[in-house]
Amino acid sequence: PVITSGPLDATAECDAVPAVADNSEVIATDNCAGDVTIAYSGEVTVDGDCPDNYTLIRRWTATDVCGNESIHTQTLTIQDTTAPSIDTASSDATAECDGSGNGAELQAWLESNGGASATDNCGDVTWNNDFTALSDDCGATGSATVTFTATDDCGNASTTSATFTIEDTTDPVLTNDPTIT
């Protein structure tokens, strides 16, 4: 049989993979009388450079009444070009100086990505940040503006930034009552 038309090759985003075409979308003719039977033969997945980039090869077989066959192949290039969506941006945080550098509070803020959240259209999101150190404004106070980066399995990334500040707004407390003589 001669296949005259069928599902076309295409490129699609990983969250919009086309459904398998119906057998009626493959058209074939034969030089002799009799029906041509069209059957979907399945698909093969060829891995790409990341989990959401791959190729699907779908096949349909056209068979005439004498058992002669022709194959129609559709190649779908599946890709992930969409960066994660920042659903909640990171938020600034201010902490009162605890005299020890506020390490636990800073670490908790960093680990929570400054309160940010993100989702991806096809896979998981991993976070990292560019924090290096706090500025040293006076004593144990300071601040740092941190960029949090959400990256998907294919390396697409989105960012959000916020500032962590340690301030000292507490007046000193006198521990001895000096006597004036």
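The values are calculated or read from the model by the stated rules, or taken from the named source; none is laboratory data. Predicted, not measured: the structure shown is a model, and the values here were computed from it. Note: ideal-geometry Cβ built from the backbone for every residue, glycine included; neighbour counts use all protein chains shown. Surface accessibility is based on the protein's heavy atoms, side chains included, excluding ligands, DNA and RNA. Shrake-Rupley method; radii C 1.70, N 1.55, O 1.52, S 1.80 Å.
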Single match in 77, 63 (criterion: surrounded by 13 or more Cβ atoms within 10 Å (Cβ to Cβ) and in contact with an Asp or Glu (Cβ under 7 Å, 6 or more places away or on another chain)): 63
Among the residues of the stretch 1-50, write down those that are among the β-branched types (Val, Ile, Thr) and in contact (Cβ under 8 Å) with a residue 40 or more places away in the chain. 2, 3, 11, 17, 26
Unique match (being open to solvent by 60 Å² or more (accessible area, probe 1.4 Å) and either under 18 Å from the mean Cα position of the chain (by Cα) or more than 30 Å from residue 13 (Cβ to Cβ) (or both)) among 149, 145, 141, 163: 145
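Determine whether residue 124 is open to solvent by less than 80 Å² (accessible area, probe 1.4 Å) and closer than 15 Å to residue 150 by Cβ. Steps first, answer last, please.
Details: open to solvent by less than 80 Å² (accessible area, probe 1.4 Å): no; closer than 15 Å to residue 150 by Cβ: yes.
No, not satisfied.
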Boolean, residue 43 is touching a Leu at 6+ places or on another chain (Cβ under 6 Å) and at pLDDT 95 or above: yes
Can you tell me which of (1) modelled with pLDDT of 95 or more; (2) more than 19 Å from the chain's Cα centre (by Cα); (3) open to solvent by 60 Å² or more (accessible area, probe 1.4 Å) is the one residue 119 doesn't meet? (2)
